[in-house]
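The values are calculated or read from the model by the stated rules, or taken from the named source; none is laboratory data. In this text, all values refer to a predicted model and were calculated from it rather than measured experimentally. Here the Cβ positions follow ideal geometry from the backbone for every residue, glycine too, while neighbour counts run over all protein chains shown.
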Amino acid sequence: MIELEDKAPLFTLKDQNDNDFSIEKFVGEKTLVIFFYPKDFTPGCVKEVCAFRDQYQDFKDYGVEVIGISSDGLKSHQKFAEKHNLPFTLLSDPKGKIRKLFGVPSSLLGLLPGRMTFVIDKNGIVKMRFNNQFGAEKHIEEALKVLKQQKIEEYKVSNKV
């Protein structure tokens, strides 16, 4: 399982437009918020992605890229993104390899893929891991708290406060 301050694993997956997405291209450049969710078009997941969508500008203001990952296929992701007007990338992890790599646990006696969010700083270091299967909207709140604190720390360092 990936812990705080661990180096995030590098991976490449297909996005909803059938393009390769590699986390490697962001290391050294941008902070990422990566959220794993169970399934496109399910009520909790719709709430979660729409909450990320509704606060997407807040993430962009922090210079962050938001990425959603589930085991759904590209066509499902494409329809899901279009239906809910999602401005961020959805990645398809059909065999759950990346989910396992990050150590995202299953829930409900292993019947549902877990819901977990990670904040990975621009150096590729995990700054937050938040696991809450039923508090879908809480993931956004927790990620934004971490990003705000990160900005405060960067300000202190750059201004020698």
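Tell me yes or no: at least one residue of segment 70-88 is under 11 Å from the mean Cα position of the chain (by Cα) and among the aliphatic types (A, V, I, L, M). No, segment 70-88 has no match at all. Contact list please: Cβ distance under 7 Å, first residue in segment 142-161 and surrounded by 13 or more Cβ atoms within 10 Å (Cβ to Cβ), second residue of a type in the set (A, V, I, L, M) and at pLDDT 80 or above, pairs at least six apart or on different chains. Sorted first by the residue in segment 142-161, then by its partner, the pairs are Glu142/Met128; Ala143/Val33; Ala143/Val119; Ala143/Met128; Val146/Val119; Val146/Met128; Leu147/Val64; Leu147/Val119. The number of residues in segment 37-61 that are within 15 Å of the chain's Cα centre (by Cα) and either on the phi > 0 side of the Ramachandran plot or of a type in the set (Ser, Thr, Tyr) (or both) comes to 2.
Of all the numbered requirements in (1) of a type in the set (Lys, Arg); (2) over 11 Å from the mean Cα position of the chain (by Cα); (3) under 22 Å from Leu10 (Cα atoms), Arg115 misses one, and that requirement is (2). Of the strands (runs of 3 or more DSSP E) that lie entirely inside segment 1-104, those containing 1 or more residues that are closer than 25 Å to Ile152 by Cβ and touching a residue at least 40 places away in the same chain (Cβ under 8 Å) span 31-36, 64-70.
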